[in-house]
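Heads up, the thing below is written out as structure tokens.
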Amino acid sequence: MKHKEMNNSEFWDPVIGQNKTKEILNSIYFARRVPHAFLFYGPDGVGKFFTAVQYLKLLNSNLDGTAGSKYVKSISALSEPAVKLIFPLPRGKGEGGDDSSYDKLSADTIDLITEQISLLSKNPYYKINLPNANTIKISSIRDIKKFTNFSDDSGLKKGVIIYDAHLMADEAQNALLKSLEEPPEDVIFFLITSNRERLLPTIHSRCWQVLFNPLSGEQIIEILMKHFELDEKKSKLLAAFSDGSLTNAVTLLKYDFDLMLSAAVQAIRFSLVKKFYLANKVIEDSIDVSDKEQVKFFVGIILTWLRDVNKNKYTGGLDSFTGYRDTVEKFNAKFGNADIPKTIFKLEQLFRNIESNLNLNIILLGIIFELSSLALRK
């Protein structure tokens, strides 16, 4: 047993963090009672997909010689016959109910899909990004049957990995249930999701559910440096504002993060002295206020600043705004009696409204006015 456990390190060591999850999966493996379907759930960008890939390799580690090497390569490449990868796809022009998932897609779109799968196979922390791909098609779920019907004598445990499983419509989920109810012995399903609540209870009941937790700042730094080839300074900055999600950290790379950081501090300063026009202008000059994702990150930065202010007030420490210590300490000296937790609570409410398709400009103005009220609570 110990010898086997030592060998398992080759499969688990590449997955950064999630030690409790690895222990659970290892226990299932050694008990030889591996369920036919797993539901890996938790925040985006914490290693759910990579864990599924590595576990599939572990389940096939009894294959010897050429066969074993061949299938490990096939799993790593996310290619059949070892892996069926299901993920949201754009809809093809004139696509009908009888078309397969790729039938009506343009050659350029298929090339882009191939490129995305290649990037994911090389970097298991990469996030697939396809324009207009918001739903997992029912045709993709139907394709699973063709995959599972193909059998050979290799002894291979094949994997069906459903990436962003919560993006299946109810029709697609009901179609998947048929495969989950009567699974072939040599097929393991991995449903990967950051939004378990959007999956049907009947899906939940047919899967072994495994929770994945947010990553630590140190773990995100390690992944950014190893898999995204960022330098340590940049990695530390992004990790500080990632909220435990690698996806958040990588998304921030799309924006001028240094500008957003500076603008957030300026907007707070202007809000405190009731220069509302200037606070609003500095926001509009630094972010696209029509971009929901960017607005969320900007508001997240302000919330992080407030949490750092509160921590500094009681412990003298800082988690994220280490480069703004002077600003934080001056705030606490001037507004030491401000009810920061109450403001954080109200801003978190406004933050949640961003997803409700409310007017983003109104939300940002609400945040400015709420920040200004801190100056009244001294």
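The values are calculated or read from the model by the stated rules, or taken from the named source; none is laboratory data. What you see is a predicted model; the values in this text were computed from it and never measured. When we count neighbours, we look across all protein chains shown, and the Cβ atoms used for this are built from the backbone with ideal geometry, even at glycine.
Scanning the range 196-224 for residues that are in contact with a helix residue (DSSP H, G or I) (Cβ under 8 Å, 6 or more places away or on another chain) and not in a helix (DSSP H, G or I) turns up Leu199, Leu200, Arg206, Cys207, Trp208, Gln209, Val210, Leu211, Phe212, Asn213, Leu215.
Go through the range 264-281 and give me each residue that's surrounded by 22 or more Cβ atoms within 10 Å (Cβ to Cβ) and either hydrophobic (A, V, I, L, M, F, W, C) or in contact with a strand residue (DSSP E or B) (Cβ under 6 Å, 6 or more places away or on another chain) (or both).
First, the residues of the range 264-281 that are surrounded by 22 or more Cβ atoms within 10 Å (Cβ to Cβ): 264, 267-268, 271, 279.
Within the range 264-281, Ala264, Ala267, Ile268, Ala279 qualify.
Checking each residue in the range 101-120 for being at pLDDT 90 or above, hydroxyl-bearing (Ser, Thr, Tyr), surrounded by fewer than 17 Cβ atoms within 10 Å (Cβ to Cβ) and over 23 Å from the mean Cα position of the chain (by Cα) picks out only Ser106.
Restricting attention to the range 121-136, does a residue exist that is part of a helix (DSSP H, G or I) and buried (at least 18 other Cβ atoms within 10 Å of the Cβ)? Spell out the reasoning first.
Going residue by residue through the range 121-136, those that are part of a helix (DSSP H, G or I) are 121-122.
Right, trim to buried (at least 18 other Cβ atoms within 10 Å of the Cβ) and you get none.
No, the range 121-136 contains no residue that is part of a helix (DSSP H, G or I) and buried (at least 18 other Cβ atoms within 10 Å of the Cβ).
Restricted to the range 256-294, and to residues that are of a type in the set (Val, Ile, Thr) and part of a loop (DSSP other than H, G, I, E, B), which residue is nearest to Thr327 (Cα to Cα)? Break it down stepwise before answering.
First pass over the range 256-294, keeping only residues of a type in the set (Val, Ile, Thr): 265, 268, 273, 282-283, 287, 289.
Now restrict to residues that are part of a loop (DSSP other than H, G, I, E, B): 273, 287, 289.
Working: Val273: 15, Ile287: 22, Val289: 26 Å.
Among those that are of a type in the set (Val, Ile, Thr) and part of a loop (DSSP other than H, G, I, E, B), it is Val273.
For first residues located in the range 225-253 and more than 16 Å from Pro43 (Cβ to Cβ), partners that are at pLDDT 95 or above and assigned to a helix (DSSP H, G or I) and lie 6+ apart or on another chain with Cβ distances below 6 Å form the pairs Leu230/Leu224; Ser235/Ile221; Ser235/Leu224; Ser235/Met225; Lys236/Ile221. Among the residues of the range 330-366, not one is more than 24 Å from the chain's Cα centre (by Cα) and at positive phi. Of all residues being in a helix (DSSP H, G or I) and among the charged types (D, E, K, R) in the range 225-252, which is modelled with the highest pLDDT? Just the residue, please. Step by step, filter the range 225-252, then rank; the result is Lys226. Screening the candidates Lys22, Lys70, Lys84, Lys93 for the property of being without any contact (Cβ under 8 Å) to a residue 60 or more places away in the chain, basic (Lys, Arg) and touching a helix residue (DSSP H, G or I) at 6+ places or on another chain (Cβ under 6 Å) yields one hit, Lys22.
Only one of these is modelled with pLDDT under 95 and crowded, with 18+ Cβ neighbours inside 10 Å: Ala175, Ala165. Name it. Before the answer, list the steps.
Working: Ala165 fails: modelled with pLDDT under 95.
Matching residue, one of Ala175, Ala165: Ala175.
Based on this model, can you work out whether Phe49 counts as in contact (Cβ under 8 Å) with a residue 60 or more places away in the chain and either in a helix (DSSP H, G or I) or touching a strand residue (DSSP E or B) at 6+ places or on another chain (Cβ under 6 Å) (or both)? The answer is yes for Phe49.
Based on what the data block shows, is Phe369 at pLDDT below 90 and either over 17 Å from Phe270 (Cβ atoms) or out of contact with any Cys (no Cβ under 8 Å at 6 or more places or on another chain) (or both)?
Criteria not met by Phe369.
For the range 270-292, the condition of being of a type in the set (Val, Ile, Thr) and closer than 27 Å to Glu218 by Cα holds for none of the residues.
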